[in-house]
Amino acid sequence: MPRGRSTFNKRQKEQARQQKQRDKAERRSQRKQEKSETGATNDMDDLREHAEAQAALFRIGSDEPESEEHPPHRESGE
């Protein structure tokens, strides 16, 4: 039974998708290997710096620290 043009196009599209998936998996594994070769200390330093930056952002503009036990009171009728 002859295959139509749409079947051919679908097949080509599926093959391209599978190839992209294989390429992506290969790049992922290469990055993983490179990361393990460089060591985890750089990652921890990066994470620590990022955490400090986030903490600094949360401290900006807060003159009074709010306690979690007593959240700000909202009046009813808003």
Please work out which one of (1) at pLDDT 75 or above; (2) surrounded by 10 or more Cβ atoms within 10 Å (Cβ to Cβ) is the condition ASP43 fails and give its number.
(1)
Which condition from (1) open to solvent by 100 Å² or more (accessible area, probe 1.4 Å); (2) more than 22 Å from the chain's Cα centre (by Cα); (3) modelled with pLDDT under 85 is the one that ARG5 breaks?
(3)
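The values are calculated or read from the model by the stated rules, or taken from the named source; none is laboratory data. Predicted model only: the values in this text are computed from it and were never measured. Note: ideal-geometry Cβ built from the backbone for every residue, glycine included; neighbour counts use all protein chains shown. In case anyone asks, the SASA skips ligands and DNA or RNA and just uses the protein heavy atoms, side chains included. Shrake-Rupley method; radii C 1.70, N 1.55, O 1.52, S 1.80 Å.
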